[in-house]
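Read the structure below first, then the notes.
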Amino acid sequence: MKINYDNINIPDENLNKVVSESLETVKKHHTRSRLRHIAGGCAAAVAAVAILTVISISNPVIAEKFTELGKIFGLVQDDQDYPGNYSDISVPVPDTNISTSNGITITLSEFVCSSESLNVSVLIESEEPFSPTFIEPDETADYDTNPCLSFVTEQSADFSGGALDLSENPYVVVQGDFQDEYTFAGVFRLDFNVYPYAQYEIPESFMWNLKVTEIRRQILAGTEIENPDLLSIPGEWDFTARITQQEIETKTVEVNEYAPNGSGISRVTITPYEVNVEDCYDESKIQPGYEEYDSMYTVILDGSGNLINDTVGLFPATGHDLSEITVYYLDAPDNDEGWIVMQDRIHDKTFAPQLQEYLESTAVHKIEIPL
């Protein structure tokens, strides 16, 4: 299924969240069991000098803003879907990290890589000013969040033995902000827990190739653009870099507990940026009446009883009490009215103080996971 990411029907205040969710829906999720070890590694200081030298040549004024290691991360790290302190531990992207096409230079400046994800800071510089439409498609919109760009990409890695299958979702979202009419600074994230990365054992160090064939400006649904071509910049930007996982504090809690429908939690992995609640399935755990996998609905609360998610998977570490989490399994409603009632209770902020009590009284099963 092909999705048009240029036009996303969302309220302003939820832009970053819903963009991420929209992209996730087209990714093929795979449960994986892989090693969770992390090896330390730092890129040579020469790489940092090279990055700053090229930036200085292309734009001395902008270069002054990015002379400190981690500066780009520091500008936008709090506005990411998985916020956190990336700037203090980021290292320069080595090898071929700068590419120019069609008057646009893209610099992959620094990265933070864990067993869960690769996060890369990006500087996009234009020889000519970006069009006002590209910078601000709708001048009347009240943007509460930073702009989003999308890279249309092709990728390959040595661990995959060739090209990664991005046929259904070649898009990489770059969350950041325009620094001036010539420059955009942002960060993109590759999630190792989703397809196509999830089907591979991600090694501690690997060669990664990225080709960007288009830069797109994402807009709000209903925005009338006189010339839609102004929202797209075609080109060919090529990058090759050796990525080495860093020594990032990571904790893995083995769980291996199951609900009556055979679904369960295998483990939970926590980094300073994300929490991954990994699901599993065992037919031998199925109880009578729960033969259908979708016969149950999950809700996850944090240690303070606040809603985290209503699906097993990944969520940001920031903003949650991670002393423990509890996964509740409810009987899935068999009609639309039942779904509406349940969703209203789960997501109604006025009902939040009673949510934990409600789940305790209605859940068929729960898994408590001290972290």
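The values are calculated or read from the model by the stated rules, or taken from the named source; none is laboratory data. Just so it is clear, the structure is predicted and the values come from calculations on it, not from any experiment. Cβ coordinates were reconstructed from backbone atoms using ideal geometry, including for glycine residues, and neighbour counts include every protein chain displayed. Heavy atoms of the whole protein, side chains included, go into the accessibility calculation; ligands, DNA and RNA do not. Shrake-Rupley method; radii C 1.70, N 1.55, O 1.52, S 1.80 Å.
Val174's amide H: which non-local residues (gap 5+, or another chain) put their own amide H closer than 5 Å, with H modeled 1.01 Å from N in plane and none for Pro or chain starts?
Leu149, Ser150, Phe151
In debye to the nearest 20, how big a dipole does region 221-371 give about its Cα centre with +1 on each Lys and Arg Cβ and -1 on each Asp and Glu Cβ? Write down the numbers at each step before the final one.
Working: 7 positive and 30 negative charges, 108 e Å.
With only Lys, Arg, Asp and Glu charged at Cβ, the dipole is about 520 debye.
Ignoring ligands, DNA and RNA, what percent of the accessible area of region 215-358 is carbon or sulfur (1.4 Å)? Each step should come with its number before you reach the end.
Working: 3250 of 7210 Å².
Ligands and nucleic acids excluded, carbon and sulfur reach 45 percent.
All other residues with a Cβ under 11 Å from the Cβ of Gly264 taken together, and with Lys, Arg as +1 and Asp, Glu as -1, what is their net charge?
Working: positive: Arg267, Lys285; negative: Glu257, Glu278, Asp279, Asp282.
Taking every other residue near Gly264 into account, the sum is -2.
How much accessible area does Glu249 have with a 1.4 Å probe, in Å² rounded to the nearest 10?
It works out to around 150 Å².
Which whole-Hz couplings ³J(HN,Hα) result when phi for each residue of region 80-85 is put into the Karplus expression 6.51 cos²θ - 1.76 cosθ + 1.60, θ = phi - 60°, listed in order with x for Gly and Pro?
7, 5, 10, x, x, 8
State the extension gain, in nm to one decimal, for the chain segment bounded by Asp229 and Ser167, taking 0.36 nm per residue of separation less the distance between their alpha-carbons. Numbers along the way, then the final one.
Details: separation 62, 0.36 × 62 = 22.32 nm, distance 2.29 nm.
Length gained, Asp229 through Ser167: 20.0 nm.
Where only protein heavy atoms count, and the probe is 1.4 Å, what is the accessible area per residue for region 215-328 in Å²? Display every interim value, and only then the final one.
Numbers: 5080 Å² over 114 residues.
Heavy-atom SASA per residue in region 215-328 reads 45 Å².
Residue by residue, what Karplus-based ³J(HN,Hα) values in Hz, rounded to whole numbers, does region 229-235 have, using 6.51, -1.76 and 1.60 with θ = phi - 60° and x for Gly and Pro?
Rounded to whole hertz, the list is 4, 5, 8, 9, 10, x, x.
Near the amide H of Glu110, under 5 Å away, which other amide H atoms are found, from residues 5 or more places off or on another chain, if H is placed in the peptide plane?
For Glu110, the qualifying residues are Val93, Ser121.
Which FRET efficiency, nearest 0.05, do Thr96 and Thr252 yield, Cβ-Cβ r, R0 30 Å?
Efficiency computed from Cβ-Cβ geometry: 0.35.
Keeping all protein chains in place and using 1.4 angstrom, which order do Glu247, Glu254, Glu278, Glu168 fall into by accessible surface area, from largest down? Mind showing how you got there, number by number?
Details: Glu247 155, Glu254 110, Glu278 10, Glu168 65 Å².
Ranking Glu247, Glu254, Glu278, Glu168 by accessible area, largest first, yields Glu247, Glu254, Glu168, Glu278.
In the full protein assembly as shown, how much of Glu292 is accessible to a 1.4 Å probe, in Å² to the nearest 10?
In the full protein context, Glu292 sits at about 120 Å².
Just to confirm a number: summing +1 for Lys and Arg and -1 for Asp and Glu over residues other than Asp282 whose beta-carbon lies under 14 angstrom from that of Asp282, what do you get?
Details: positive: Lys285; negative: Glu257, Glu278, Asp279, Glu283, Glu291.
Here the charged neighbours net out to -4.
At what distance in nm do the modelled label points of Glu292 and Glu337 sit from each other, each positioned 7 Å from its Cα along Cα→Cβ?
Here the modelled spin labels are 1.8 nm apart.
Enumerate the amide H contacts of Val275 below 5 Å, restricted to partners 5 or more residues apart or on another chain; note that Pro and chain-start residues carry no placed amide H.
Phe315, Ala317
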